[in-house]
Amino acid sequence: MPSRELVLVIAIASLIPFQSRAQSSYGQQLSKLNQQITEAYLNHDTAGLMHLYAQNAVSMPEYHVALFGKRAIAEYERAWQDSAKVKSYSRRTVDAIQTGNYLTETGVFSMRFSPHAKTAGYEGKYLAVWQVKPHGALKLLWEISGSNTHLERTDLPLSSSEISKTARVPKTKASRTSATVQSLNDEIAELVVQRKGAEFGKYYADDAIYAPYDMPMLTGKTAIDAYYREHEDPNNLIRAARINALSVIPAGEYVLE
């Protein structure tokens, strides 16, 4: 396996088990938004794509540092679309849950594009957090995506560790909630170092969704537990791990991280 920074991303730190999924009224809206994203990539329409983002959006592309703010994301997307011709693209919502004034969507995507004078396939999963604006409009606040299979860094355009000049990493606002989340992150980081995969399951809701590197998303605590028991091999040494929350938002019965 190639060297790769290990990052555990917990998009929703739920303080209670999931109880209600997003109202069906958002289903059609998400479908329409996904169609707009699809058309933007097919038509090389960066401006149309960026219309969907909030000003303080965060994007985490595969094999790339996180992008903070609409300006940094626009710079990246413009360069990405200039580097590749998208021949086909589709994305579909798998699950969505409303958390206060936010809508958290998990989904799958499939793309064929031509980088470096060849056609490549790219299938994966994504998580998107939409901010529910007045009158029900949605703006994309956070997003992260990853492939279902192993990709080399060179398989994707703009795969780089260089931080954009327009990127500004936000500082976490201290609160009792952020301290609680960071405490949980510290516990998980220690389990990573100790390679105690059998103990990860207790941090997940029964119907949790987890998106590991290089494989399709896992649904349900049982599947996630099995993954960690296999993945956290005690024979593989990890000297240190650190998980930092850059943003923590209380959202009704949930916490978005």
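Of the numbered conditions (1) modelled with pLDDT under 95; (2) assigned to a strand (DSSP E or B); (3) aliphatic (A, V, I, L, M), ALA72 fails exactly one; give the number of that condition.
(2)
Yes or no: ALA226 small (Gly, Ala, Ser) and over 30 Å from GLU123 (Cα atoms)?
Details: small (Gly, Ala, Ser): yes; over 30 Å from GLU123 (Cα atoms): no.
When the stated conditions are applied, ALA226 does not pass them.
Suppose we filter region 135-178 for residues that are under 21 Å from GLY100 (Cβ atoms), at pLDDT 95 or above and either part of a helix (DSSP H, G or I) or not aromatic (Phe, Trp, Tyr) (or both); how many remain?
Count: 6.
Condition check ((1) of a type in the set (S, T, N, Q); (2) part of a loop (DSSP other than H, G, I, E, B); (3) closer than 24 Å to GLY252 by Cβ) across all residues:
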| residue | (1), (2), (3) |
| --- | --- |
| ALA40 | no, no, no |
| SER59 | yes, no, no |
| TYR76 | no, no, no |
| TYR89 | no, no, no |
| THR93 | yes, no, yes |
| ALA96 | no, no, yes |
| THR104 | yes, no, yes |
| MET111 | no, no, no |
| GLU123 | no, no, no |
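Determine whether region 230-252 contains at least one residue that is at pLDDT below 95 and assigned to a helix (DSSP H, G or I).
yes
Within region 70-92, which residues are open to solvent by 80 Å² or more (accessible area, probe 1.4 Å) and under 17 Å from SER145 (Cα atoms)?
Passing the criteria: only ARG92.
Taking the criterion of being modelled with pLDDT of 90 or more, under 20 Å from the mean Cα position of the chain (by Cα), exposed (fewer than 15 other Cβ atoms within 10 Å of the Cβ) and over 24 Å from ARG92 (Cβ atoms), would at least one residue in region 180-203 satisfy it?
Checked against the condition, which is being modelled with pLDDT of 90 or more, under 20 Å from the mean Cα position of the chain (by Cα), exposed (fewer than 15 other Cβ atoms within 10 Å of the Cβ) and over 24 Å from ARG92 (Cβ atoms), region 180-203 yields no hits at all.
The values are calculated or read from the model by the stated rules, or taken from the named source; none is laboratory data. Remember, it's a predicted structure, so these values are computed and weren't measured experimentally. In this analysis, Cβ positions are derived from the backbone assuming ideal geometry, glycine residues included, and neighbour counts consider all displayed protein chains. Note: areas computed on protein heavy atoms with side chains; ligands, DNA, RNA excluded. Shrake-Rupley method; radii C 1.70, N 1.55, O 1.52, S 1.80 Å.
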